[in-house]
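These notes are about the structure you will find just below.
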Ligand SMILES: NC(=O)c1ccc[n+]([C@@H]2O[C@H](COP(=O)([O-])OP(=O)(O)OC[C@H]3O[C@@H](n4cnc5c(N)ncnc54)[C@H](O)[C@@H]3O)[C@@H](O)[C@H]2O)c1
């Protein structure tokens, strides 16, 4: 079997290469990346060690995709994954990376008779609807008020696939939602398999954490580099909550999806850490204070920014029901892995921060 991994030098893509190489030596791996993400060039050398043929190319350029030999599956991990992307002079670039790129990959699937696995995002869900969730304000985190929420797709387990996707969802979210729709139409029209995984925050060793993407790694790195940090929005309380999932847990599902391409079930599922793997910035900060043993002052900026949401927790019940999937990495294990990686690679972290 030949698998093309796009964004192969990125955080998730490079881990995917490593995981597939370790789990099945018979797979031929091809990776493509345009190295636009700062730090991605660092992973290129590693790809060869995992028997992945690397192509420097752009998924939004037709000839770059059509030049790739025939494949059986494409796992699309290439994107500009920031919720702030496209807001300056980079809207066209965002469309190229996240939407035109999907289009050429789908065309390649059609030509090759290949399947597509898409890593979509929780950012397809409506910011307005997420901001309407009734919350309980606890000492150091928000939680869902189980008694007063009646929105479709919302329960004490978090946000399910039927939650509103009405704009605003950010330009990033819009490119992903549009890609999902296009992918499902190609699946229906041309018959090749498409699986869409809407992921909450994916976190683990090796992420190029920055303030607008990879927040858990970013926070740990700022501690180690003794750089400033702020609780932004929600009164500067740091009570905003996200869940986290480790890439290896995501890959376990992808392996199952590749093994069962033709199941007549929902093609789109939510994947994330869920209630048990959710924590607030304030709780993350406590972890850093304890495990890095640093007494750091955190600045407080009370006002929200336009894409801020107080809470996102994945309800992964559908993935559990259809695929018997559930995350295995705990918050503690993921954070310790991020910290240990950062301590061992501090020079690299300095360069990308
Ligand atoms: N990391 C998360 O928390 C998270 C959460 C939800 C969804 N996702 C999705 O998972 C995927 C991987 O995210 P990540 O965290 O690894 O991001 P990343 O930025 O670490 O990796 C993305 C890679 O894609 C490459 N790339 C960007 N545009 C490209 C193009 N036009 N052609 C070729 N390569 C291109 C970048 O250089 C980078 O190496 C993305 O699709 C993202 O939307 C990530």
Exercise. What do you get for Rg/Rh of region 19-97 when both radii come from the Cα atoms and Rh is the Kirkwood radius?
Worked result: 1.00
Problem set entry | Gained length - residue 295 relative to residue 330, 0.36 nm times residue gap less alpha-carbon distance | 10.1 nm
For this session: Take the Cα pairs of region 239-296, get the Kirkwood Rh, then feed it into Stokes-Einstein at 10 °C and 1.306 mPa s and tell me D in µm²/s.
Result: 113
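Got a sec? How would 1, 244, 16 order by Cβ neighbour count within 10 Å, fewest to most?
Ascending number of Cβ neighbours within 10 Å: 1, 244, 16.
Using Cα pairs closer than 8 Å and at least 6 residues apart in sequence, work out the relative contact order for region 40-190, in percent.
26
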Exercise. What number, in nm² with one decimal, is the all-direction average of the projected area of the convex hull of the alpha-carbon atoms of region 81-234?
Worked result: 11.6
Problem set entry | Residues 198, 267, 305, sorted so that the one with the fewest Cβ neighbours within 10 Å comes first | 305, 267, 198
Problem set entry | DSSP bridge orientation in the chain - percent antiparallel, rounded to nearest 5 | 20
Exercise. So what's region 195-353 giving for Rg/Rh, alpha carbon basis, Kirkwood Rh from the mean inverse pair distance?
Worked result: 1.01
For this session: Please state, as a whole number in µm²/s, the translational diffusion coefficient that the Stokes-Einstein equation yields for region 60-171 at 25 °C and 0.890 mPa s, with Rh defined as the Kirkwood radius across alpha carbon pairs.
Result: 147
Exercise. Once you sort the root eigenvalues of the Cα gyration tensor of region 167-237 as a ≥ b ≥ c, which label holds: rounded (a/c under 1.5), prolate (a/b larger than b/c) or oblate (the other case)?
Worked result: prolate
For this session: May I ask for the Kirkwood hydrodynamic radius of region 55-94, worked out over all distinct Cα pairs and given in angstroms to one decimal?
Result: 12.2
Exercise. According to a simple spin-label model (label point 7 Å from Cα along Cα-to-Cβ), what is the distance in nm between residue 322 and residue 227?
Worked result: 3.8
For this session: Kindly state, to the nearest 0.05, the FRET efficiency for residue 21 paired with residue 136, given R0 = 35 Å and r defined as their beta-carbon distance.
Result: 0.20
Exercise. What residue among 230, 164, 217 shows peak mean-square fluctuation when the chain is described by a Gaussian network model with Cα springs under 10 Å?
Worked result: 230
Exercise. Which value results for Rg/Rh of region 1-52 when Rg is the Cα radius of gyration and Rh the Kirkwood radius based on the inverse mean 1/r?
Worked result: 0.95
For this session: Return the single residue from 262, 270, 51 with maximal mean-square fluctuation; model: Gaussian network over the chain, springs between Cα atoms under 10 Å.
Result: 262
Seminar exercise, completed: For the chain, the longest principal axis of the Cα atoms and the Cα long axis of helix 331-344 enclose an angle in degrees, to the nearest 10, of 80
For this session: Looking at region 1-123, send over the antiparallel percent of its DSSP beta bridges, to the nearest 5.
Result: 0
Exercise. When the chain is fully extended, how far beyond the present Cα-Cα distance does residue 146 get from residue 348, taking 0.36 nm per residue of separation?
Worked result: 68.4 nm
Problem set entry | Max mean-square fluctuation residue, GNM over the chain, Cα-Cα springs under 10 Å, options 130, 335, 229 | 229
Problem set entry | Semi-axis lengths, Å, region 252-333, gyration tensor of Cα atoms, sqrt of 5 times eigenvalues | 35, 17, 9
Seminar exercise, completed: Contact order relative to length for the chain, counting C-alpha pairs under 8 Å separated by 6 or more residues, stands in percent at 18
For this session: Within region 296-331, which residues have the backbone N less than 13 Å from the label spot 7 Å out from residue 337 along Cα→beta-carbon, could you tell me?
Result: 327-331
Exercise. Can you tell me the Rg and Dmax of the chain, counting just the alpha carbons, in angstroms?
Worked result: 19.5, 58
For this session: Treat the count of other C-beta atoms within 10 Å as a stand-in for reagent exposure and order 266, 246, 150 from fewest to most.
Result: 150, 266, 246
Problem set entry | Per-pair calculated FRET efficiency, R0 = 35 Å: residue 211 and residue 61 via Cβ, rounded to 0.05 | 0.75
For this session: Using Cα pairs closer than 8 Å and at least 6 residues apart in sequence, work out the relative contact order for region 135-198, in percent.
Result: 14
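Only the coordinates and a few stated rules stand behind these numbers; no lab work does. If you're wondering where the values come from, they're calculated on a predicted model, not measured in any experiment. Positions of Cβ are generated from backbone atoms using ideal geometry, with glycine treated the same way; all protein chains shown enter the neighbour counts.
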